[in-house]
Each structure stands twice: as C-alpha cells, then as structure tokens.
C-alpha cells in the first residue's frame, strides 16, 4: 500500500512540474552571409493554437552590418489553416523595426496566396543625407498540409 501511495505522490509531483501550455512555440534559425561582411539571420517562430487545424507564425529577417550590429529587422507574420491534405494562408502582414537611424524603409507590402504569406521590403541607407545603399528583400513563409511552417 505504501508503494502505491508513494508512486501516486511521485506521479502527481511530476505532473505538477510539467508546464501546461495552450500554445507551443517552435523556432528555427539560419544565417545568410554577404560579400561585404554583413549578414542576415532568418528565424521562424511558430505558434500552435489550442484549436487544431490552425497555426500562426512570424519570420523576422534581421540585417547586421559588417560590424556585427543589428541595423533593422523586417518581420513577416502569417496565419494559416491546415487539414492534413492542404493548407491555406488566411492573413499576411509585414513590419519593419529600425535600430540604426541611417536606415529607413523605402517601401513594404505583404500578400497571401495559397499556402504562402509573402512580403517585399526595400530598405535604404543614407550617409550625409544621400542614399548610398538600397537593399530589396523578398520574404516568404509557407505552411504544409500538417501545419509545419517554413
């Protein structure tokens, strides 16, 4: 009898320390290097909701200068539905956060088609009041039939 009670207490304690979460987040990250020494990190942050068959996520593209300091981040956000045989993008948006005042947003737009959220962003860099660099980027995030984002 003592063994059963001990086992029950241990099991209860284990269940109590396991975090119960309605949303589970998953992250993936890659780095793209450019010839001038600058680079960009691309992450996928997935948020699974309690309701099965829907998932949302964000995909920040963070640009770092050759000095290793973040200059700006363009973040694509999307929501998707999936059912095991197909997936559909239900919303798409893009936001830009600037960390270095030499950079500014030239243009940005977001769209959705099929199972893909997309965006186009063009950033500009000014020195002495003159634009010296423009940096166009295409952002994309897709959902497969099982709710996996890429």
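Kindly indicate whether residue 85 is out of contact with any strand residue (DSSP E or B) (no Cβ under 6 Å at 6 or more places or on another chain), closer than 18 Å to residue 142 by Cβ and either surrounded by fewer than 19 Cβ atoms within 10 Å (Cβ to Cβ) or touching a residue at least 40 places away in the same chain (Cβ under 8 Å) (or both). Yes, satisfied.
Listed here are the residues, each with its yes/no results for (1) under 30 Å from residue 146 (Cα atoms); (2) out of contact with any strand residue (DSSP E or B) (no Cβ under 9 Å at 6 or more places or on another chain); (3) at pLDDT 70 or above; (4) crowded, with 16+ Cβ neighbours inside 10 Å.
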| site | (1), (2), (3), (4) |
| --- | --- |
| 3 | no, yes, no, no |
| 6 | no, yes, no, no |
| 31 | yes, no, yes, no |
| 49 | yes, no, yes, no |
| 55 | yes, no, yes, yes |
| 63 | no, no, yes, yes |
| 81 | yes, no, yes, yes |
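Here residue 121 does not fit the description of being surrounded by fewer than 17 Cβ atoms within 10 Å (Cβ to Cβ) and modelled with pLDDT of 95 or more.
Under the condition of being surrounded by 12 or more Cβ atoms within 10 Å (Cβ to Cβ) and closer than 28 Å to residue 39 by Cβ, the residues counted in the stretch 65-79 number 10. When you check residue 140 against the structure, is it modelled with pLDDT of 95 or more, closer than 21 Å to residue 34 by Cβ, in a strand (DSSP E or B) and touching a strand residue (DSSP E or B) at 6+ places or on another chain (Cβ under 6 Å), yes or no? When the stated conditions are applied, residue 140 passes them. Annotation note: Cβ proximity below 7 Å between a residue of the stretch 89-108 that is modelled with pLDDT of 95 or more and a residue that is surrounded by 14 or more Cβ atoms within 10 Å (Cβ to Cβ) and not in a strand (DSSP E or B) (sequence gap 6+ or interchain) occurs for 89/115.
The values are calculated or read from the model by the stated rules, or taken from the named source; none is laboratory data. Bear in mind that the values here come from a model prediction, so they are computed numbers and not experimental data. All Cβ positions, glycine included, derive from the backbone under ideal geometry; neighbour counts span all protein chains shown.
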